[in-house]
Amino acid sequence: MLNYHNYRYYVLDAPEISDAEYDELMQELIEIEAAHPELITPDSPTQRVGGEPSDAFKPVKHRAKMLSLANAFSFSELTAFFNRICGELGTKQIELVCELKVDGVAVSLVFEHGMYVSGATRGDGEVGEDITANVKTIQSLPLRLFLEAAPDILEVRGEVYLSKKQFEQINKERAESGQPLFANPRNAAAGSLRQLDPKVTATRNLDIFVYGLGYVTGVEFTDHWQSLQYLKAAGLKVSDHIKKVKSIDEAYEFCEVWQEKRHLLPFEIDGVVIKVNSYEQQKKLGLTSKAPRWAIAYKFPAEQKTTKLIDIELNVGRTGAVTPTAVLEPVVVAGSTVSRATLHNEDEIKRKDIRIGDIVIVQKAGDVIPEIVAPVISKRTGKEKSFKMPKKCPSCGGEVVRPRGEAVARCVNMNCPAVIYERVIHFASRQAMDIEGLGESVARQLLDKKMIKDVADIYYLNKDQLLEIEHFADKAADNLYLAIQKSKERPLSRLLFALGIRYVGAHVAEVLADNFTSVNDLASASFDELVAIPEIGPRIAESINSFFREERNQAVIKKLLDAGVKMEQEKKVEGEVSPNTSKLKGLTFVFTGALSQLTRSEAENIVKSMGGRASSSVSKKTDYVVAGESPGSKYDKAKELGVKIISEDEFKRLVSE
């Protein structure tokens, strides 16, 4: 079975199972062979490093063998690794180097007298495939090293990968041309590297990180860290996310940090590689036939699994959006059981060619929202069914319409029970009116018992009515009643967000509250007045105008006002702020990347408290972009527009001077 999956992954570039499932099968085989050595055969997957080279490429024998790595899946396994090497070296003074395990394709590159001469895949560890021309298309790879006295031969090891953005673009293009989608960026990188025509590879915008040495003549190093600095100085791309540590506890802490922050990176990682730094100690520890004894890969919990798509259900949101949701055979992904996954919209289902009954690859997006990556086409039986968006709402039977130019179909019935339910849940949520105790179950009962028909009716409930809620006694009824009354005093921005105006999220609601003193002022604002506000574009302005033109919404707002809900706030008087709070007056800040000392909201609140403005997008009017670790597209746009970019430390100095 494992040989079959090896073939599909390494030769056909079309895996049928996820990496995690493959690891589980391999681990099971390792344990069986450890218990019964007589069962080990020469062709066992445990007896070789990688897959066979393709016949389509010339074989290349590596000067130094390209070994794979032993895996660890827990802190106890890391500790066992560390204790073993300490015992073999007779010391606990071992410096380690931690590096991100980029989810790409391992390659070997050879430079002779500073010039790039060849590139090869790992293959079976001893013989790989000649991909010299394809590697040459990688723009970040220098064809001549930045060294005055380059070594005669420098064989380096690296990982070729695709950025998340480029992966999405490639799959989009493949869907449009009717080709099967790649399951993940590594699968796409492998397929791109093994194109017979380098011109095709060049269109894929591959990238590479160099992480170590193979065979070298003419230069010597004492440790791994020193060699990485040398490679970096030579013009090769070495990851910035590398750390020297002096204990396995520090190494595990590095693993935990990046397991949490992995989604902030523009590329995929699936773990951390931990290596003994000293070359002398590496030499003493030696190698097995498959892996170095001085290194280990800590693998993050699986984020992709395969399972069966049983059905596609439809959910109706507070804006009437009808969203398809996949019902799955339960499967454990990233430590939790997943039985449902988002399918986004009808176009997305068609683009990925997802059908009811398919075996699909499921992943967690940002460790939170499960989604379907792609179907496993080779597993189809012919009984799978294509999905079509219905013309009638599954909740109320009303007409479902897809507006021109939009991807989402919507129920047009303003009184659809599902729409009203979702609006009540949103209105009472923590970021909105924060009515503690008014959750999904309570909202459902209030609507089913016809105690409320819209969000304004919440404020007309009395304690006797609340006692009718299932499992509610005096204390629960009192608490909910008090929470409802307390919510009447929420800031204007919270109310604007709670109203559920399309495209008005929590941040836009704050922008609107900064520019209008009341709901009435906002309702009276013209389209031109709205678009004149930074961050309020035509789409948001039109949505606001449309919302307040709707008679049903006007009636709800009047009922809220009559119930005593706060509808206005005091306008800030120009020059009223103290010198200490006006330090950033007139300045606009944008934050990007992961901040290490402040949360994003804390940093934005500091800006606002000092009279400045925190924006979510970069423009020519932006004064500063504060870049944390792994900044995204906002950083690139700031460079393009010439906006000043500062670090988190510089930001803290600026606000404390």
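Listed values, structure above:
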{"read-out": "Residue list for region 228-260, restricted to those being under 30 Å from His113 (Cβ atoms), in contact (Cβ under 8 Å) with a residue 24 or more places away in the chain and of a type in the set (S, T, N, Q)", "value": "Ser239"}
{"read-out": "So Val238, is it touching a strand residue (DSSP E or B) at 6+ places or on another chain (Cβ under 7 Å), modelled with pLDDT of 90 or more, farther than 25 Å from Ser18 by Cα and not in a helix (DSSP H, G or I)", "value": "yes"}
{"read-out": "Residue match in region 201-223 (condition: in contact (Cβ under 8 Å) with a residue 60 or more places away in the chain, polar (S, T, N, Q) and crowded, with 21+ Cβ neighbours inside 10 Å)", "value": "yes"}
{"read-out": "Selection count, region 52-84, where residues are free of Cβ contacts under 8 Å to residues at least 24 places away in the same chain and part of a loop (DSSP other than H, G, I, E, B)", "value": "2"}
{"read-out": "Residues located in region 525-539, provided they are closer than 21 Å to Pro491 by Cα and either among the aliphatic types (A, V, I, L, M) or at pLDDT 95 or above (or both)", "value": "Ala525, Leu530, Ile533, Ile536"}
{"read-out": "Any hit, region 248-271, residues being over 16 Å from the mean Cα position of the chain (by Cα) and part of a strand (DSSP E or B)", "value": "no"}
{"read-out": "In region 168-200, residue surrounded by the most Cβ atoms within 10 Å (Cβ to Cβ) [restricted to those that are at pLDDT below 85 and touching a strand residue (DSSP E or B) at 6+ places or on another chain (Cβ under 6 Å)]", "value": "Ala183"}
{"read-out": "Members of region 82-96 found to be under 34 Å from the mean Cα position of the chain (by Cα) and either buried (at least 20 other Cβ atoms within 10 Å of the Cβ) or on the phi > 0 side of the Ramachandran plot (or both), listed by number", "value": "Phe82, Leu96"}
{"read-out": "Residues located in region 397-422, provided they are in contact (Cβ under 8 Å) with a residue 40 or more places away in the chain, hydrophobic (A, V, I, L, M, F, W, C) and under 24 Å from Val556 (Cα atoms)", "value": "Cys411, Val412, Met414, Cys416, Ala418, Val419"}
{"read-out": "Every residue from region 447-465 that is under 10 Å from Leu480 (Cβ atoms) and modelled with pLDDT under 95", "value": "Lys463"}
{"read-out": "Any chance Arg122 is at pLDDT 90 or above, of a type in the set (Lys, Arg), surrounded by fewer than 18 Cβ atoms within 10 Å (Cβ to Cβ) and farther than 24 Å from Lys199 by Cβ", "value": "no"}
{"read-out": "Options Thr337, Thr325, Thr342, Thr307: the member that is buried (at least 19 other Cβ atoms within 10 Å of the Cβ), farther than 24 Å from Gly125 by Cβ, of a type in the set (Val, Ile, Thr) and touching a strand residue (DSSP E or B) at 6+ places or on another chain (Cβ under 7 Å)", "value": "Thr307"}
{"read-out": "Output for region 18-52, where each listed residue is of a type in the set (A, V, I, L, M), under 27 Å from Thr121 (Cα atoms) and at pLDDT 80 or above", "value": "Leu25, Met26, Leu29, Ile30"}
{"read-out": "Qualifying helices (runs of 4 or more DSSP H) (wholly inside region 490-572; at least 1 residues being more than 21 Å from Leu461 (Cα to Cα) and under 38 Å from the mean Cα position of the chain (by Cα))", "value": "492-498, 506-515, 519-524, 527-531, 538-549"}
{"read-out": "Qualifying helices (runs of 4 or more DSSP H) (wholly inside region 85-193; at least 1 residues being in the same structural domain as Leu69 (by TED's automatic domain parsing), within 29 Å of Ala302 (Cβ to Cβ) and polar (S, T, N, Q))", "value": "164-176, 185-193"}
{"read-out": "Any hit, region 424-440, residues being under 21 Å from Ile501 (Cβ atoms) and part of a strand (DSSP E or B)", "value": "no"}
{"read-out": "Matching residues in region 621-657 - criterion: being part of a loop (DSSP other than H, G, I, E, B) and modelled with pLDDT of 85 or more", "value": "Lys621, Thr622, Asp623, Gly642, Val643"}
{"read-out": "Residue within region 273-284 that is within 24 Å of the chain's Cα centre (by Cα) and more than 30 Å from Ser386 (Cα to Cα) present", "value": "yes"}
{"read-out": "Arg174 under 19 Å from Arg122 (Cβ atoms) and out of contact with any Ser or Thr (no Cβ under 7 Å at 6 or more places or on another chain)", "value": "no"}
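The values are calculated or read from the model by the stated rules, or taken from the named source; none is laboratory data. Source: prediction; values computed, not measured. Heads up, the Cβs are rebuilt from the backbone with ideal geometry, glycines too, and the neighbour counts pull from every protein chain shown.
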